[in-house]
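Asker: If you scroll down you'll find the structure; I have some questions about it.
The values are calculated or read from the model by the stated rules, or taken from the named source; none is laboratory data. Keep in mind that what you see is a predicted model, and the values were worked out from it rather than measured. Positions of Cβ are generated from backbone atoms using ideal geometry, with glycine treated the same way; all protein chains shown enter the neighbour counts. Side chains included, ligands, DNA and RNA excluded: accessible areas come from the protein's heavy atoms. Shrake-Rupley method; radii C 1.70, N 1.55, O 1.52, S 1.80 Å.
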Amino acid sequence: MPNRDHFFGLDPVHRQLLVGSALAVGGILAYLLLRRKPVKSIPVGEGWWGAGEKPQSEDESIRPFTVETSDKEIEDLHGRIDGSRYTDPLEGSAFQYGFNSTYLKKVVSYWKNEFDWKKQVAVLNKYPHYKTKIEGLDVHFIHVRPTSRPNQRVLPIMLVHGWPGSFYEFYKILPILTENQGGLVFEVICPSIPGYGFSEAPHKQGFNSLAAARIFHTLMERLGFSQYYLQGGDWGALITTNMAQMKPQNVKGLHVNMIITNRNFKTLLTIILGPYLPSLVGLTREDVRRLFPFFEKNVWEMLRESGYMHIQATKPDTAGCGLNDSPVGLAAYILEKFSTWTHTKYKDLDDGGLERKYTLDDLLTNVMIYWTTRSIVPSMRFYKENLKGDFDKRVDASVAVLVPSGLAAFPEELIHCPKAWAVTKYHNIYSYTSMPRGGHFAAFEEPQLLAEDIFQFVRKVEKC
């Protein structure tokens, strides 16, 4: 492993170059930090995303909602599946070129002949669903209350999903969070991001994570909560981070399993010295293992895995046409992410390792949420709305998160963020956990591990 022995093994010129670079970068960083005036919150703002003109008033009622299906819907799905065409995979290519069509045929056969959508709809309806109108959009959410017991503290928490996931990602963690754990238990609210699943898609341009954050604050306030915890991964991590930046007085604590920070001089210093003197720049041995070699793990690997993002951040409607029309195309597009984002080495397997951590029923239920709601295109638009400008110049980029924060770093996450980097964004870290296993879809893949980390974080905040 790279360490200080490597540093002292360098010739004197290279050692001086490294130390000189470190001092120069450190000095610039210190100067910038001293001259920067801290901003405590971002503007709440306002918005209207409904069709047509904004009315003078809006129905604020909370309405029960039930997921439904029909024989006609299922027959249409099966008819489209029967009409699908496939291209033979290259020999020995596994998932290196994307979803392997040989395995795809097996998934599709299961989908048509064994998968029971009506049964899965009943599973979805296991928890109470609701909708309420906010800023012109029907916002869908599930609201799960724990069983009432004496001598337990009930704390509200909102869980927010990302792409290509849905509220269904949390179905395995819900029973754990709503079960009394040493006198502590959660009341859980899981919304669907507008444009995803059963939440209405925005009708106007510009709906980004800041708009979602504002809408979700309104949802929690409408439910009667003045203070609450937040948890998220993927887009959910950004949305909940924005919520903490927007109304810190309402957020008791923030827990994320994808850590989002801005790259700065401290990051550069870490990259330069990290392989040689990790402790000097605040890196642990595990950080070094996950980060280096830096370009292979953080540049080339991201280039290999981010092609979808460039499409969705530029022309989402074009690619979305085919996905919205073909269930097989949609399944391949979504499920490939549940392969390589769960473990990068799964792309070397003929079946993408999909059934190592998930069941086909769970995976296809998530696909069916996109298919039946026709939400793949608006979900892809969320990338364009968030990435159409310089991300580092957004209003939230320069605002620190001051609320108590818990960070769970899973080893197979797309990009590793050491605590040394995280502190530049999250200024009040109560816990930073290097998780023993797991990837991008933490709640779906490792619900027990994630729940345990949420509980230990909240106990630190609540001092219980």
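Asker: May I ask you to list the GluC sites (Glu not before Pro) in segment 159-211 that are in a DSSP loop and have at most 14 other Cβ atoms within 10 Å of their Cβ?
Answerer: Working: sites: GLU169, GLU179, GLU187, GLU200; in loops: GLU179, GLU200.
Loop-located and lightly packed - GLU179.
Asker: Any idea of the accessible area per residue across the chain, 1.4 Å probe, to the nearest Å²?
Answerer: On the way: 20920 Å² over 464 residues.
On a per-residue basis, the chain sits at 45 Å².
Asker: Past the 25 Å Cα-Cα mark, which pairs from LYS357/LYS388; LYS337/LYS388; LYS247/LYS337; LYS131/LYS204; LYS106/LYS357; LYS419/LYS460? Each step should come with its number before you reach the end.
Answerer: Working: LYS357/LYS388 34 Å; LYS337/LYS388 23 Å; LYS247/LYS337 33 Å; LYS131/LYS204 20 Å; LYS106/LYS357 17 Å; LYS419/LYS460 18 Å.
Going by Cα-Cα distance, LYS357/LYS388; LYS247/LYS337 fall outside the 25 Å limit.
Asker: Go ahead and estimate [θ] at 222 nm for the chain from helices alone: -39,500 (n - 2.57) per DSSP H run with n ≥ 4, summed, over the residue count, rounded to 500. Intermediate values should be presented prior to the final figure.
Answerer: Numbers: 20 runs with 197 residues, N = 464.
Per the formula, -12500 deg cm²/dmol.
Asker: With r as the distance between the Cβ atoms of ARG85 and GLU58 and R0 = 35 Å, compute the FRET efficiency 1/(1 + (r/R0)^6) and round to 0.05.
Answerer: Details: r = 46 Å, r/R0 = 1.31.
After rounding to 0.05, the efficiency reads 0.15.
Asker: Hey, which of these cross-link pairs are over 29 Å Cα-Cα: LYS54/LYS118; LYS119/LYS315; LYS112/LYS172?
Answerer: Result: LYS54/LYS118; LYS119/LYS315 exceed 29 Å.
Asker: Let me ask something else. How much of the accessible area of segment 63-462, in percent, comes from carbon and sulfur atoms when a 1.4 Å probe is used?
Answerer: Working: 8090 of 15700 Å².
Solvent-exposed carbon and sulfur of segment 63-462 make up 52 percent of the total.
Asker: What trypsin sites (Lys or Arg not before Pro) does segment 59-100 have in DSSP loop regions with at most 15 other beta carbons within 10 Å? Write down the numbers at each step before the final one.
Answerer: Working: sites: LYS72, ARG80, ARG85; in loops: ARG85.
Of the trypsin sites (Lys or Arg not before Pro), the ones in loops of segment 59-100 whose Cβ has at most 15 other Cβ atoms within 10 Å are ARG85.
Asker: Here is a further query. Going highest first, how would you order 315-325, 227-237, 56-66, 435-445 by mean Cβ packing within 10 Å?
Answerer: Values: 315-325: 15.7, 227-237: 25.0, 56-66: 10.5, 435-445: 21.7.
Output ranking for 315-325, 227-237, 56-66, 435-445: 227-237, 435-445, 315-325, 56-66.
Asker: Let me ask something additional. Only Lys, Arg, Asp and Glu count, each charged at its Cβ (+1, +1, -1, -1), so figure out the dipole size of segment 123-192 about its Cα centre, rounded to 20 debye.
Answerer: On the way: 7 positive and 5 negative charges, 42 e Å.
Using only the charged Cβ atoms, the result is roughly 200 debye.
Asker: Based on the Kirkwood radius over alpha-carbon pairs, what is the Stokes-Einstein translational diffusion coefficient of the chain at 37 °C with 0.692 mPa s viscosity, in µm²/s?
Answerer: Estimated via Stokes-Einstein, D reaches 139 µm²/s.
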